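One structure is given here, and the rest of the page talks about it.
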Amino acid sequence: MQNMVNKRSLESSLSSKSSAPSELQILDCCEPFTSSKELLAAKSAKLASLFEEKDSCERISHFLRDISADPNTFELVARFCHGFEVQLSTENAVPLICLAFYLEMTETHSPNNLLKKAIDFLEERVLPSWNETIRALRLSEKLLQQAADLGLVDACLSSIVAKAQVDPRLLGKPIKAPKLDESSEGEEDGECRPNARRKLFVLDWQSEDLTTLPLRFYEPVIKAMNLQGVPPGYVAASLCQYVKRWICSSPTGDETMSMYKRNSQREVIEAVERLLPREPRLLPCNLLFRMLNSAVSLEASTDCRNGFEIRIGRQLDQATVTDLLVPFQGYATETQYDIGCVKRILKSFYTNYTCSDASVFIKVADLIEELLAELASDVDLEVNSFLALAEMSLAASLENHTNSDGIYRAIDIYLDKHRFLTELEKEEVCRVLDFQKMSPEACEHAAQNERLPLRVVVQVLFTEQLKLRETVVQEVVVHNTQQRIGKDGEEEAEENEGKLSSTEEGLRIEMERMNSKVMELERECGMMRKEMANGYGSSHKLEKRRKVSMWGEIKRKFGCMSNVHDCSSQVKKKKVHASHG
């Protein structure tokens, strides 16, 4: 507004009768400043041509409307035309070059003219310095179009990139994931701290921070650095600090400004995702999740969110359960966390990870099991969503997982928090259980878990019996083999083989008998469920006693009545189930 007022005052003074024909009155910062037309024309070819034309006042009036320079810059030009020495600085070099070029203050028109002086100052005093170049570039934002047309922006960008190639530490230290045994206060959150700054001779020297540049300058600088081979770790550190400065630390304002800031922040997070180098593990996983959460909350583009998800998937083994709790954005009430996002990240992990180390896959499987247990307590989590997560956990193990106790624990929590499920829904929840991979402690707990469907309890008991029979068979085979090796004579060996065959045949008959017993138990369970349904309204305590006696009868028939209490205490120590109210 100040600039517009001054220009209007200048235009009105051109036609003022009080001014001498050879003088031009300019109002600068509300102070009158009279300039000689001859002196102005001697330095500016543009003004000289305008003064020679008819209706010069009107033409100059239109000409001044097109000048975008601020009053201080225009005053410096006028004083230069009157023979005063101009104090060039980083702050006024670019504006002076733009105005001098516009006024055609060239060497052709007059020796030692302002345009050459300002360009020489920029080349000799500004561009060689990292600090001065960044400061000059930041201050040229108001004259962006003119500075870009004259090549000043490209000159500053090239200077910054060249210096970063020589000393990438100017961008900050590469950020490493904090080690569990070396975490220190202030670093345990993996915060972006690109604080490596060179100190040249002066103890309090500090470099200008590249992240202070607006996005229109910062983005082309980082893009050029990626193309020119600046180490990606330093580039990623600068990008992380840029997110922290322009998104995490942005002050709040009124509603209109908040919308403007939200759009600006969306542009920042989308640009950061595009600029992040493609090399994996440049940033800790928790920082990538923070960027993803920012992209989600700012409603960034799908490409932006997918880009962060792919990067996270490449280093998913570094993540924690807290990281995976990405808030769901929308009006759906099924769950407060974005399960679809977890699925896409896990898919990215499978697609991009080429390491043959099985421990990495086991670590991811454990992570998904922990997430499953965390989400199981959400009363709004539907059965299909829970099963989808459970199946992801099974897939993550790739048959390298030793047991499925984690899934059983999650199922136990889910059934405890969703007691309104029907018997069929409970059986559907339990279908992801692999009884063969459950530890003995987990099986003992499941055998007396009243939250589990009866059919599942029967399957657990039957699986335990099969394991017991297999153990007996192995012991008999080993024992007889040792005896056969230790004794001489073919008759004794044949006799042992006969005993072994008869033992194996007896075990086969026993297995068939167990199979028929399981079928019989399933029929009994069906009858018990009907009795429980018919007698439910009479008394809750009676139903509980009926359940206890029912489980006791099942365990008695399978011969699993011993060590129940001991196993229960062991299960609690191993945390294979959640605490129950």
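The values are calculated or read from the model by the stated rules, or taken from the named source; none is laboratory data. If you're wondering where the values come from, they're calculated on a predicted model, not measured in any experiment. Please note: Cβ atoms are built from the backbone with ideal geometry, for glycine as well, and neighbour counts cover all protein chains shown. Note: accessible area is taken over every heavy atom of the protein model, side chains too, but ligands, DNA and RNA are not part of it. Shrake-Rupley method; radii C 1.70, N 1.55, O 1.52, S 1.80 Å.
Quick one: is R431 closer than 18 Å to P453 by Cβ, assigned to a loop (DSSP other than H, G, I, E, B), open to solvent by 20 Å² or more (accessible area, probe 1.4 Å) and modelled with pLDDT of 85 or more? Judged against the criteria, R431 is not a match. Of note, L415 does not satisfy the criterion of being within 35 Å of the chain's Cα centre (by Cα) and either open to solvent by 50 Å² or more (accessible area, probe 1.4 Å) or closer than 18 Å to D338 by Cβ (or both).
Condition check ((1) modelled with pLDDT of 65 or more; (2) of a type outside the set (S, T, Y); (3) open to solvent by less than 40 Å² (accessible area, probe 1.4 Å); (4) more than 23 Å from D416 (Cβ to Cβ)) across all residues:
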site: R451; (1), (2), (3), (4): yes, yes, no, no
site: V456; (1), (2), (3), (4): yes, yes, yes, no
site: R484; (1), (2), (3), (4): no, yes, no, yes
site: E490; (1), (2), (3), (4): no, yes, no, yes
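I need the full set of residues from the stretch 439-449 which are part of a helix (DSSP H, G or I) and either surrounded by 20 or more Cβ atoms within 10 Å (Cβ to Cβ) or touching a Pro at 6+ places or on another chain (Cβ under 7 Å) (or both), in order please. Scanning the stretch 439-449 gives E441, A442, C443, E444, H445, A446, A447.
Within the stretch 110-130, residues that are more than 22 Å from K46 (Cα to Cα) reach partners that are among the aliphatic types (A, V, I, L, M) and open to solvent by 30 Å² or more (accessible area, probe 1.4 Å) with beta carbons closer than 8 Å, at six or more positions or on different chains, in the pairs F121/L88; L122/A155; R125/L88; L127/A155. Residues of the stretch 118-129 that are buried (at least 18 other Cβ atoms within 10 Å of the Cβ) and out of contact with any Ser or Thr (no Cβ under 6 Å at 6 or more places or on another chain): A118, I119, F121, L122. In contact with a Cys (Cβ under 9 Å, 6 or more places away or on another chain) and touching a residue at least 40 places away in the same chain (Cβ under 8 Å), is that true of D317? In short, yes.
Would you mind stating whether A358 is under 18 Å from C430 (Cα atoms) and either among the aliphatic types (A, V, I, L, M) or free of Cβ contacts under 8 Å to residues at least 40 places away in the same chain (or both)? It is false that A358 is under 18 Å from C430 (Cα atoms) and either among the aliphatic types (A, V, I, L, M) or free of Cβ contacts under 8 Å to residues at least 40 places away in the same chain (or both). Evaluating N263 against the criteria (1) surrounded by fewer than 22 Cβ atoms within 10 Å (Cβ to Cβ); (2) touching a strand residue (DSSP E or B) at 6+ places or on another chain (Cβ under 9 Å) leaves one unmet condition, (2).
Being at pLDDT 90 or above, within 22 Å of C443 (Cβ to Cβ) and in contact with a His (Cβ under 9 Å, 6 or more places away or on another chain) holds for only one residue in D412, D366, and it is D412.
Within the set N226, N195, the sole residue that is within 27 Å of Q318 (Cβ to Cβ), within 22 Å of the chain's Cα centre (by Cα) and modelled with pLDDT of 80 or more turns out to be N226. Here the helices (runs of 4 or more DSSP H) wholly within the stretch 62-134 that include at least 2 residues being at pLDDT below 90 are 71-81.
Taking only the stretch 264-289 into account, find how many residues are within 16 Å of L324 (Cβ to Cβ) and either among the β-branched types (V, I, T) or touching a residue at least 40 places away in the same chain (Cβ under 8 Å) (or both). Looking only at that region, the number is 4. Restricting the search to helices (runs of 4 or more DSSP H) fully inside the stretch 281-394 and requiring at least 2 residues that are open to solvent by less than 70 Å² (accessible area, probe 1.4 Å) and over 30 Å from Q241 (Cβ atoms) gives 339-352, 358-376.
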